[in-house]
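Below is one structure, written out as structure tokens, with a few remarks after it.
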Amino acid sequence: MSYSMHTHTCGELRESNIGEEVTLTGWVWHRRDHGGLIFVDLRDRAGVTQLEFDPEVCDEATFHEAETIRSEWPIMVSGTVRERPEGQNNDKLATGAIEVYVTKIVVLNTSKTPPFQIEDHVDTAEDVRLRYRYLDLRRPKMTSNLKLRSDFTFALREAFHGSDFMEVETPSLFKSTPEGARDFLVPSRMQPGHFYALPQSPQLLKELLMVGGVERYYQVAKCFRDEDLRKDRQPEFTQVDVEMSFVTQDDVMGALEHVLAEAFGKMGVKLELPLRRIEYWDAMDTYGTDKPDTRYGMELHDVTPIFSASKFKLFATAAATEGQFVKAINAKGAGKWPRARIDRLADVAAEFGAKGLAYIAFREDGSVTSPIVKFFSDEEMAALRAEMDVEPGDLVMFAVESRLHADEILGGMRNHMANELELPREGHDFLWVVNFPLFHWDEDRKCLDSEHQPFTQPNEDQIDLLDTDPLAIGSHTYDFVMDGYEAGGGGMRIHNAKLQEKVLEKLGFTPERAQAQFGFLMNALEFGAPPMGGFALGLDRVCMLLAGADNIREVMAFPKTASGSDLMSAAPSEVTGAQLKEVSLRLL
């Protein structure tokens, strides 16, 4: 049963409906006066139907009303479905074989002239679109994106429910437990001077659910992080949060693969199971990133041994220094670029932390352009050509740094060059990156930091290294990578209170600070916490990739700008002195 003003949507009428009396509602999209006949494209969220107003079919008042309507007026019409005249079908529309001869029209409202055309391919500044987001959402592409997001979310819920997961809601007002980004703080009126925090994730709460015996949990959770924004990041975002107990890592990954394959399958995207697994360091050394897009090559090569006795001092010194590497990538086709364009790549490399960019351009005529090639012997050049599979027209770029830094520089250049060269990336690319380090060294703060989070289970056979070589410890971690993006991440959790205390200690927590911030968790771990592991899928990011968009704002109804502003409502905004007084705050 349909509870609405219309009998059909504007996207569902077909030739099988010819002869039926129907009622449609929607917005006037296009209106065309053909001298005695008026045609209107009526649009709603489901599609478009062509209306025809013929003075021989409708009465004079109805035809006059059709002469007055304008774009974006909401109307209701009744009429008869007829076949379009021969040769006038519109193959671009699902309803393109029919039209509705209108006998009655009701204008439901009028509209001011919109600040931009409600079309998919209109070049409108994004700030204008966001200021009038309610109009932007009428565009068919935006409507389609929100429908895709709704369908995928529903498919995930069905898949989790079918796999015996329980959906549990966790609080949006919780304790401040920073997880690598700033918290959004909420002052308490009833407890002056005290604050809630909006959750960066339900991480600690879902671990407590496992202690509580829920065993298989999921939630479509709103999360908040006060951090700098970019095209795939927002201050508030949605993740599909998952946790399981009495499981091993393979159990969790297997269950997730089953759910993801089912949900993606309902979107017409097939996952080949089991998904590939790439070790963290293999991903870094091969692709220069822990979220590789493997749909194209341009892989990293360690060419350090080639230059162990080189006359080029920079390369030779690196080859003779422990922990230093000479690595390279081959951007096929870029060797044809003009010298000035190649030289500008040094500025791009600097964005990824490079102090400069050494390169060799192998021209199509067989010549070589490079400021460093004069230092290389014929043997070194021959070995380089063989290792890098050099052909005329190739551009080989080098990074001379520590292992991780060289990987990151060339990984950034790999992505940049793939875009510049417009390398084809067809279909979707799914894989797991596993076994991340437990810690990394924070050079700014001169201390250890968690690679994933402080609650990640170390590899059992490496726990003894906590006191002697913590940076060598791996972990039970797994990131779900889609099309070169981290689409989700997870890991097994520490379920032993003493081990959790030890890890926090290595991260610089005093016993007092650990107790103040995470005491409730460590207390819970002392009451028979089971082995547990979980995962969080970035719903916004995955929907962006499924929609073929390049910005998560395209799949969010009301997103923020890069500065965290809502242009439509002018948020964030000032509040009154009375409101501040209620929560015992004063602005400085």
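The values are calculated or read from the model by the stated rules, or taken from the named source; none is laboratory data. All values derive from a computational prediction rather than experimental measurement. Neighbour counts run over all protein chains shown; Cβ positions are idealised from the backbone, glycine included.
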- Among the residues of the stretch 234-260, which ones are under 13 Å from Phe160 (Cβ atoms) and of a type in the set (Gly, Ala, Ser)? Ala255
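What residue, among those in the stretch 70-85 that are exposed (fewer than 14 other Cβ atoms within 10 Å of the Cβ) and either over 26 Å from Pro114 (Cβ atoms) or hydroxyl-bearing (Ser, Thr, Tyr) (or both), is modelled with the lowest pLDDT? Reasoning before the result, please.
Start the filter on the stretch 70-85 by keeping residues that are exposed (fewer than 14 other Cβ atoms within 10 Å of the Cβ), which leaves 70, 83, 85.
This time we only want the ones that are either over 26 Å from Pro114 (Cβ atoms) or hydroxyl-bearing (Ser, Thr, Tyr) (or both), so: 83, 85.
Values: Glu83: 96, Pro85: 93.
This residue is Pro85.
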- Can Arg82 be described as part of a strand (DSSP E or B), out of contact with any Gly (no Cβ under 7 Å at 6 or more places or on another chain), of a type in the set (D, E, K, R) and under 30 Å from Gly35 (Cα atoms)? yes
- Query: Which residues, taken from the stretch 411-464, are basic (Lys, Arg) and either surrounded by 17 or more Cβ atoms within 10 Å (Cβ to Cβ) or not in a loop (DSSP other than H, G, I, E, B) (or both)?
  - Reply: Arg414
- Task: Output yes when any residue across the stretch 11-23 is in contact with a strand residue (DSSP E or B) (Cβ under 7 Å, 6 or more places away or on another chain), closer than 23 Å to Ser150 by Cβ, without any contact (Cβ under 8 Å) to a residue 24 or more places away in the chain and not in a strand (DSSP E or B), and no when none is.
- Result: no
- Hits in the stretch 307-350 - residues which are under 26 Å from Gly393 (Cβ atoms), among the aromatic types (Phe, Trp, Tyr) and touching a helix residue (DSSP H, G or I) at 6+ places or on another chain (Cβ under 8 Å): Phe307, Phe312, Phe315
- Task: Would you check if there is a residue in the stretch 221-237 being assigned by TED's automatic domain parsing to the domain that holds Gly548, acidic (Asp, Glu) and outside any loop (DSSP other than H, G, I, E, B)?
- Result: yes
- Message: Looking at the stretch 109-131, I want the residues that are not assigned by TED's automatic domain parsing to the domain that holds Gly26 and have a partner that is of a type in the set (A, V, I, L, M) and part of a loop (DSSP other than H, G, I, E, B) with Cβ atoms under 8 Å, at least 6 apart or on another chain. Which pairs are those?
- Response: Phe116/Val122; Asp127/Leu567; Leu130/Leu567; Leu130/Met568; Arg131/Leu567; Arg131/Met568
- Message: Just to be sure I understand, how many residues within the stretch 313-337 are in a loop (DSSP other than H, G, I, E, B) and more than 30 Å from Asp483 (Cβ to Cβ)?
- Response: 3
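Quick grid of which residues meet (1) of a type in the set (D, E, K, R); (2) farther than 23 Å from Leu205 by Cβ; (3) touching a helix residue (DSSP H, G or I) at 6+ places or on another chain (Cβ under 9 Å):
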position	(1), (2), (3)
Gly490	no, no, yes
Ala497	no, no, yes
Arg513	yes, no, yes
Phe520	no, no, yes
Gly533	no, no, yes
Pro572	no, yes, no
Thr576	no, yes, no
- Task: Would you confirm whether any residue within the stretch 180-196 is surrounded by 14 or more Cβ atoms within 10 Å (Cβ to Cβ), in contact with a Ser or Thr (Cβ under 6 Å, 6 or more places away or on another chain) and assigned to a helix (DSSP H, G or I)?
- Result: no
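Residues checked against (1) surrounded by 16 or more Cβ atoms within 10 Å (Cβ to Cβ); (2) under 27 Å from Lys141 (Cβ atoms); (3) of a type in the set (A, V, I, L, M):
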{"position": "Leu13", "(1), (2), (3)": "yes, yes, yes"}
{"position": "Leu24", "(1), (2), (3)": "yes, yes, yes"}
{"position": "Arg31", "(1), (2), (3)": "yes, yes, no"}
{"position": "His34", "(1), (2), (3)": "no, no, no"}
{"position": "Pro55", "(1), (2), (3)": "no, no, no"}
{"position": "Thr68", "(1), (2), (3)": "no, no, no"}
- Residues in the stretch 514-530: is at least one among the aromatic types (Phe, Trp, Tyr), out of contact with any Gly (no Cβ under 8 Å at 6 or more places or on another chain) and surrounded by 15 or more Cβ atoms within 10 Å (Cβ to Cβ)? yes
- Message: I'm checking my understanding of the structure. Among residues of the stretch 39-49 that are assigned to a strand (DSSP E or B) and under 37 Å from the mean Cα position of the chain (by Cα), which one is surrounded by the fewest Cβ atoms within 10 Å (Cβ to Cβ)?
- Response: Gly47
- Query: Out of Lys206, Lys270, which single residue is free of Cβ contacts under 8 Å to residues at least 40 places away in the same chain, of a type in the set (Lys, Arg) and over 15 Å from Leu156 (Cβ atoms)?
  - Reply: Lys270
- Message: Regarding the stretch 69-80, can at least one residue be identified that is in the same structural domain as Ile38 (by TED's automatic domain parsing), in contact (Cβ under 8 Å) with a residue 60 or more places away in the chain, farther than 30 Å from Ser565 by Cβ and of a type outside the set (Asp, Glu)?
- Response: yes
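If a residue has to be in a helix (DSSP H, G or I), touching a residue at least 40 places away in the same chain (Cβ under 8 Å) and either among the hydroxyl-bearing types (Ser, Thr, Tyr) or surrounded by fewer than 21 Cβ atoms within 10 Å (Cβ to Cβ) (or both) to count, how many in the stretch 286-312 make the cut?
Of all residues in the stretch 286-312, those in a helix (DSSP H, G or I) come to 286-287, 304-307.
This time we only want the ones that are touching a residue at least 40 places away in the same chain (Cβ under 8 Å), so: 287, 306-307.
Still in the list and also either among the hydroxyl-bearing types (Ser, Thr, Tyr) or surrounded by fewer than 21 Cβ atoms within 10 Å (Cβ to Cβ) (or both): 287.
Matching residues across the stretch 286-312 total 1.
So if I check each of Phe165, Phe152, Phe174, which one is touching a residue at least 24 places away in the same chain (Cβ under 8 Å), farther than 27 Å from Arg45 by Cβ and surrounded by 18 or more Cβ atoms within 10 Å (Cβ to Cβ)? Explain how you work it out, then say what you get.
Working: Phe152 fails: farther than 27 Å from Arg45 by Cβ; Phe174 fails: surrounded by 18 or more Cβ atoms within 10 Å (Cβ to Cβ).
Checking each option against the conditions leaves just Phe165.
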- Which condition breaks for Val575 when tested against (1) in contact (Cβ under 8 Å) with a residue 12 or more places away in the chain; (2) in a loop (DSSP other than H, G, I, E, B); (3) among the β-branched types (Val, Ile, Thr)? (1)
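Just checking, which of Pro187, Pro235 is more than 24 Å from the chain's Cα centre (by Cα), under 30 Å from Ser584 (Cα atoms) and in contact (Cβ under 8 Å) with a residue 60 or more places away in the chain? Break it down into steps so the answer makes sense when it comes.
Working: Pro235 fails: more than 24 Å from the chain's Cα centre (by Cα).
Testing whether each residue is more than 24 Å from the chain's Cα centre (by Cα), under 30 Å from Ser584 (Cα atoms) and in contact (Cβ under 8 Å) with a residue 60 or more places away in the chain leaves just Pro187.
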- Query: Say we look at the stretch 428-475 and pick out the residues that are under 23 Å from the mean Cα position of the chain (by Cα) and among the aliphatic types (A, V, I, L, M); which of these is nearest to Gly268 (Cα to Cα)?
  - Reply: Leu431
- With the checklist (1) more than 21 Å from Leu545 (Cα to Cα); (2) in the same structural domain as Val542 (by TED's automatic domain parsing); (3) of a type in the set (Ser, Thr, Tyr) in hand, flag the one item Thr143 doesn't pass. (1)
